[in-house]
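**Q** For reference, the structure I am asking about is given below.
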Amino acid sequence: MALAGNGVKANNSSTMKNSSIQKWGPQTRAVHAGEPNKHGVAAPVGPNICRTSTFTFSSTEEMKQWAEGKSKAYIYTRYGNPTLTVAQGKIAALEGAEAAVVTASGMAAISSALLGTLKAGDELISTAQLYGGTYRLMRDIFPGLGITVHHVETDLAGMEEKLSSKTKVLYVETPTNPMLRLVDLHKAVAFAKKHKLISIIDNTFATPILQNPISMGYDMVVHSATKALAGHSDIIAGAVAGSAHWMERMQHMVISLGGSMDPEAAFLLIRGMKTLGLRVQRQCENAMAVAKFLEGHPKVAAVHYPGLKSHADHAIAKKQMRGFGSMLAFDLKGGLAAARRFGDSVKLFLLAVSLGGVESLVALPLYSSHYNMSAEELRRAGVSPGTVRVSIGVEDAEDLIADLQQALK
């Protein structure tokens with residue numbers, strides 16, 4: 001279910017029943033979940049964009065009911081909006097969660113999830129390999145808020161030693177950005193449950209098409225919905241999914257901190273999610289073809305793609321994912337100079353940050369996701385001067401490989 005009005009469960013009788021949605025496959029959910037009943041005369045097939053900042057009350061009595069928490073009415077778009085409710089219902093259905101909350105960006109989702117579960121004096125255990133923005137939030141912002149962060153490697157070794165009575169949250173990202181390492185999801189959530197920690201996972205790289213951590217027992221899943229969920233490189237958006245209890249807390253964080261999504265961005269997110277399964281399938285196929293090509297290239301020192309048998313975490317990926325994803329990275333033997341030559345030579349791939357869209361992109365983590373990091377931080381993240389991150393799109397694999405071939409000459 002989604003959240004409406006003041007952050008309680010939406011109860012829209014015209015929306016399809018959860019019992020029906022649960023029987024659907026992921027691509028059917030991507031198309032139909034969260035949408036109102038469209039079987040009728042002149043029902044619009046596409047979702048409406050409710051472009052308004054505020055909503056009317058029928059009477060002062062209704063306004064009083066809302067103020068007392070007895071009404072689920074929409075009052076102001078920062079608190080809720082019908083277009084956002086459709087997007088939230090779709091994301092919740094895709095993740096197999098009770099509810100979801102959409103936000104203005106992926107970092108708004110991540111910061112809301114973490115700040116909504118932590119306070120001054122609390123401690124957090126997190127994998128060290130993270131999206132750079134998340135890592136910098138923990139490194140640069142949390143100390144000033146009195147929150148202590150303990151990092152572990154993706155194999156989770158040493159978690160017990162990092163644990164204290166102040167530890168409240170376990171945060172993981174898998175596959176990791178940008179080096180595509182895998183965290184054993186079952187091992188991580190078992191640790192969280194044993195020690196009564198709140199478990200949060202960034203599922204951006206995998207997407208709900210390839211893995212569903214909520215079904216494994218995770219409390220919350222966060223997404224940069226900018227990426228694969230929207231899929232067209234045309235909006236900035238985020239999402240959190242989980243239990244109704246936690247999503248009510250997330251809604252209050254969005255209301256208080258102001259990271260609310262714009263209704264038009266919500267419409268574009270809804271439109272993008274309708275083709276999520278199709279895009280991810282094509283991107284996985286393309287990524288495997290590109291990874292195999294790069295693995296055999298003489299100028300490439302290493303390829304980081306979980307679908308390759310040579311990948312350190314291939315067995316974990318096979319166990320917990322339904323595909324290997326659209327993201328990969330590779331290290332060039334010539335270091336930073338070679339990586340820069342490659343980036344300046346691509347003609348079909350675009351030299352751009354972000355990921356998950358229909359266009360194939362390349363970026364140097366040293367100058368993008370992992371800028372402003374020390375040599376030790378880069379080493380721990382697995383990033384070398386010659387590392388190139390690749391987001392594979394839906395173009396023809398032969399054309400992508402031909403472009404890589406000419407750029408690597």
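The values are calculated or read from the model by the stated rules, or taken from the named source; none is laboratory data. All of these numbers come straight from a predicted model, not from anything done at the bench. Glycine also receives a Cβ, built like all others from the backbone with ideal geometry; neighbour counts cover every protein chain displayed. When the accessible area is computed, the model is the full protein with side chains, heavy atoms only, and any ligands, DNA or RNA have been set aside. Shrake-Rupley method; radii C 1.70, N 1.55, O 1.52, S 1.80 Å.
**Q** Restricting the range 100-128 to residues that are among the aliphatic types (A, V, I, L, M) and closer than 20 Å to residue 267 by Cβ, which is surrounded by the fewest Cβ atoms within 10 Å (Cβ to Cβ)?
**A** Taking the candidates together, the pick is 104.
**Q** Quickly run through the range 134-162 and pick out the residues that are aliphatic (A, V, I, L, M), in contact with a strand residue (DSSP E or B) (Cβ under 7 Å, 6 or more places away or on another chain) and either open to solvent by 60 Å² or more (accessible area, probe 1.4 Å) or within 18 Å of residue 114 (Cα to Cα) (or both).
**A** 138, 147, 149, 152 - these are the residues of the range 134-162 that are aliphatic (A, V, I, L, M), in contact with a strand residue (DSSP E or B) (Cβ under 7 Å, 6 or more places away or on another chain) and either open to solvent by 60 Å² or more (accessible area, probe 1.4 Å) or within 18 Å of residue 114 (Cα to Cα) (or both).
**Q** A further question follows. Only one of 184, 202 is acidic (Asp, Glu) and in contact with a helix residue (DSSP H, G or I) (Cβ under 6 Å, 6 or more places away or on another chain). Can you tell me which?
**A** From the options 184, 202, the qualifying one is 184.
**Q** Going through the range 14-30 one residue at a time, which ones are buried (at least 16 other Cβ atoms within 10 Å of the Cβ) and modelled with pLDDT of 90 or more?
**A** 26, 27, 29, 30
**Q** Which of the helices (runs of 4 or more DSSP H) contained wholly in the range 180-220 include at least 2 residues that are within 14 Å of residue 126 (Cα to Cα)?
**A** 185-194
**Q** Residues 317, 329, 338: which one is open to solvent by 10 Å² or more (accessible area, probe 1.4 Å), outside any loop (DSSP other than H, G, I, E, B), modelled with pLDDT of 95 or more and within 18 Å of residue 303 (Cβ to Cβ)?
**A** Being open to solvent by 10 Å² or more (accessible area, probe 1.4 Å), outside any loop (DSSP other than H, G, I, E, B), modelled with pLDDT of 95 or more and within 18 Å of residue 303 (Cβ to Cβ) holds for just one of 317, 329, 338, which is 338.
**Q** Something else now. Looking only at residues in the range 354-409 that are in a loop (DSSP other than H, G, I, E, B), of a type in the set (Ser, Thr, Tyr) and touching a Lys or Arg at 6+ places or on another chain (Cβ under 9 Å), which one is most open to solvent (accessible area, probe 1.4 Å)?
**A** 354
**Q** Next question, about the same structure. Out of (1) modelled with pLDDT under 95; (2) under 24 Å from residue 51 (Cα atoms), what's the single condition that is false for residue 132?
**A** (2)
**Q** Got a number for residues in the range 363-408 being at pLDDT 95 or above and basic (Lys, Arg)?
**A** Residues meeting the conditions: 1.
**Q** Since residue 253 meets every condition but one in (1) open to solvent by 50 Å² or more (accessible area, probe 1.4 Å); (2) in a helix (DSSP H, G or I); (3) in contact with a Gly (Cβ under 6 Å, 6 or more places away or on another chain); (4) over 29 Å from residue 316 (Cα atoms), which condition does it not meet?
**A** Among (1) open to solvent by 50 Å² or more (accessible area, probe 1.4 Å); (2) in a helix (DSSP H, G or I); (3) in contact with a Gly (Cβ under 6 Å, 6 or more places away or on another chain); (4) over 29 Å from residue 316 (Cα atoms), the lone unmet condition for residue 253 is (1).
**Q** Another question about this same structure. Would you confirm whether or not the range 366-373 contains a residue that is hydroxyl-bearing (Ser, Thr, Tyr) and in contact with a strand residue (DSSP E or B) (Cβ under 6 Å, 6 or more places away or on another chain)?
**A** no
**Q** Oh, and also: Give the range 229-250 a look and list any residue that's open to solvent by 10 Å² or more (accessible area, probe 1.4 Å) and either among the aromatic types (Phe, Trp, Tyr) or in contact (Cβ under 8 Å) with a residue 12 or more places away in the chain (or both), or say none.
**A** 232, 233, 234, 235, 236, 243, 244, 246, 248, 249
**Q** Can you tell me which condition residue 193 does not meet? The list is (1) touching a strand residue (DSSP E or B) at 6+ places or on another chain (Cβ under 6 Å); (2) over 28 Å from residue 309 (Cα atoms); (3) free of Cβ contacts under 8 Å to residues at least 40 places away in the same chain; (4) open to solvent by 10 Å² or more (accessible area, probe 1.4 Å), and all the others hold.
**A** Of everything listed in (1) touching a strand residue (DSSP E or B) at 6+ places or on another chain (Cβ under 6 Å); (2) over 28 Å from residue 309 (Cα atoms); (3) free of Cβ contacts under 8 Å to residues at least 40 places away in the same chain; (4) open to solvent by 10 Å² or more (accessible area, probe 1.4 Å), residue 193 misses just condition (1).
**Q** Picking from 293, 267, which residue would you name as being among the aromatic types (Phe, Trp, Tyr), under 22 Å from residue 27 (Cβ atoms), in a helix (DSSP H, G or I) and modelled with pLDDT of 95 or more?
**A** 267
**Q** Quickly run through the range 38-77 and pick out the residues that are exposed (fewer than 15 other Cβ atoms within 10 Å of the Cβ) and within 28 Å of the chain's Cα centre (by Cα).
**A** The answer is 45, 46, 48, 51, 52, 53.
**Q** Got a number for residues in the range 206-223 being open to solvent by 20 Å² or more (accessible area, probe 1.4 Å) and closer than 19 Å to residue 29 by Cα?
**A** So the count comes out to 4.
**Q** For the range 291-309: of the residues being open to solvent by less than 80 Å² (accessible area, probe 1.4 Å) and without any contact (Cβ under 8 Å) to a residue 24 or more places away in the chain, which is nearest to residue 408 (Cα to Cα)?
**A** By that ranking, first place goes to 296.
**Q** Tally the residues that are surrounded by 15 or more Cβ atoms within 10 Å (Cβ to Cβ) and in a loop (DSSP other than H, G, I, E, B), restricting the search to the range 341-351.
**A** 3
**Q** Looking only at the range 163-176, which residues are open to solvent by 60 Å² or more (accessible area, probe 1.4 Å) and either closer than 21 Å to residue 327 by Cα or in a loop (DSSP other than H, G, I, E, B) (or both)?
**A** Passing the criteria: 165, 166.
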